[in-house]
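Report on one structure; see the data block that follows.
Please treat every number below as a calculation from the coordinates, not as lab data. Nothing here was measured: the structure is a model prediction, and the numbers come from that model. Positions of Cβ are backbone-derived with ideal geometry, glycine not excepted, and every protein chain shown enters the neighbour counts.
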Amino acid sequence: MKIISAPDYQSMSRKAANIISAQVILFPDSVLGLATGSTPVGVYKQLINWFEKGDIDFSRIHSVNLDEYCGLPVEHEQSYRYYMDHNFFNHVNVPKANTNVPNGLAKDFDAECRRYDKVIAQLGGIDLQLLGIGHTGHIGFNEPDEDFDKTTHCVKLKQQTIEANSRFFANEDEVPKYALTMGIKAIMQAKKLLLIANGADKAEILYRSLFGPITPSVPASILQLHNDVTIVADEEALSVIREKCPEAIG
Ligand code: PGA
């Protein structure tokens, strides 16, 4: 595990974008696992900036996103398909057909989950998976206390997640209660993992995830078992790690 510290959000975003662009430049037909939420917005902005300068070509990549809310149409501003199109895909040259987000409007969620697993398998797995982390320690929407060996599945969101995400909606009642998420199994099978975090509110969960017991009650704790995981976080998010195990920060 490699922990890279950044002084602030912008620097975190740039350092993480550097890792993604290195992957795409060295392996132009990479399969990127992508994430949504407020944390990666700056990473996508930086990648778009480098694309516009002609430094990166996304025309041969494929992407699979971690998750999607159930029940939101793709044109809903809070759907993750909308987020990806507007924050990234529409601004670079990745063919839309190469991009995958679970279909949260599927009539049969089980069938949709199996289809999504097949998409990942047919692409040959994920080369580099970008991850944020929730206050519960969730990665994707893999909420605490689920089995680690799940593939894509439908989850009932924890109240804490609904509250955290209500900032994006008019009120808490509008936050969908269910989501489809790639499972921990597919995430752990990715060749490389890149976890990003910023802000003091992530400091405790980041420490527990990376240095606490490996347990389904902290889903991100499984990352300790991956052999190629890089964490890029700002100093605020690293504050507890900085205090308790400073030697771990590169
Ligand atoms: P955030 O969400 O980036 O909006 O903090 C992270 C997550 O819930 O995975």
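Every condition in (1) within 13 Å of the ligand (Cβ to nearest atom); (2) more than 22 Å from ALA16 (Cβ to Cβ) is met by LYS156 except one, and the failing one is (1).
Residues that are assigned to a strand (DSSP E or B) and closer than 20 Å to GLY132 by Cβ within region 46-78 comprise SER63, VAL64, ASN65, ASP67, GLU68, TYR69, listed in sequence order. Of the residues making up region 51-100, just one is loosely packed, with under 14 Cβ neighbours inside 10 Å and among the hydroxyl-bearing types (Ser, Thr, Tyr), namely SER59. Contact annotation: residue pairs with Cβ atoms under 8 Å, 6 or more positions apart or on different chains, pairing a residue in region 150-163 that is within 17 Å of GLY37 (Cα to Cα) and without any contact (Cβ under 8 Å) to a residue 12 or more places away in the chain with a partner that is more than 12 Å from the ligand (Cβ to nearest atom) and not in a loop (DSSP other than H, G, I, E, B), are GLU163/GLU172. Looking at GLY37, is it on the phi > 0 side of the Ramachandran plot and either surrounded by fewer than 18 Cβ atoms within 10 Å (Cβ to Cβ) or away from the ligand (no atom under 16 Å from the Cβ) (or both)? Judged against the criteria, GLY37 is not a match. Considering ILE48, ILE25, the condition of being among the β-branched types (Val, Ile, Thr) and loosely packed, with under 15 Cβ neighbours inside 10 Å is satisfied by ILE25 alone.
Restricting region 124-138 to residues that are assigned to a loop (DSSP other than H, G, I, E, B) and away from the ligand (no atom under 11 Å from the Cβ), the residue that is farthest from PHE88 (Cα to Cα) is GLY124.
Among the residues of region 203-250, those identified as assigned to a helix (DSSP H, G or I), touching a strand residue (DSSP E or B) at 6+ places or on another chain (Cβ under 6 Å) and buried (at least 18 other Cβ atoms within 10 Å of the Cβ) are LEU206, PRO219, ALA220, LEU223. Within this structure, GLY140 passes the test of being surrounded by 17 or more Cβ atoms within 10 Å (Cβ to Cβ), within 17 Å of the chain's Cα centre (by Cα) and at positive phi. When you look at ARG81, is it basic (Lys, Arg) and either in a loop (DSSP other than H, G, I, E, B) or farther than 27 Å from ILE25 by Cβ (or both), yes or no? It is false that ARG81 is basic (Lys, Arg) and either in a loop (DSSP other than H, G, I, E, B) or farther than 27 Å from ILE25 by Cβ (or both). Number of residues in region 151-190 that are out of contact with any strand residue (DSSP E or B) (no Cβ under 7 Å at 6 or more places or on another chain) and of a type in the set (Lys, Arg): the value is 3. Comparison of VAL43, VAL94 shows that the only residue that is in a loop (DSSP other than H, G, I, E, B) and hydrophobic (A, V, I, L, M, F, W, C) is VAL94. Checking each residue in region 139-190 for being polar (S, T, N, Q), touching a Pro at 6+ places or on another chain (Cβ under 9 Å) and assigned to a loop (DSSP other than H, G, I, E, B) picks out only THR152.
Would you please list the contacts, defined by Cβ atoms under 6 Å and residues six or more apart or on different chains, that run from a residue in region 84-109 that is touching a residue at least 60 places away in the same chain (Cβ under 8 Å) to a residue that is of a type in the set (Phe, Trp, Tyr)? The qualifying pairs are PRO102/TYR116; GLY104/TYR69. The single condition among (1) within 16 Å of the ligand (Cβ to nearest atom); (2) free of Cβ contacts under 8 Å to residues at least 60 places away in the same chain; (3) among the aromatic types (Phe, Trp, Tyr) that PHE141 does not meet is (2).
The set of residues from region 163-185 being surrounded by fewer than 17 Cβ atoms within 10 Å (Cβ to Cβ) and either of a type in the set (S, T, N, Q) or farther than 30 Å from ALA121 by Cα (or both) comprises GLU163, SER166, ARG167, PHE168, PHE169, ALA170, ASN171, GLU172, ASP173, GLU174.
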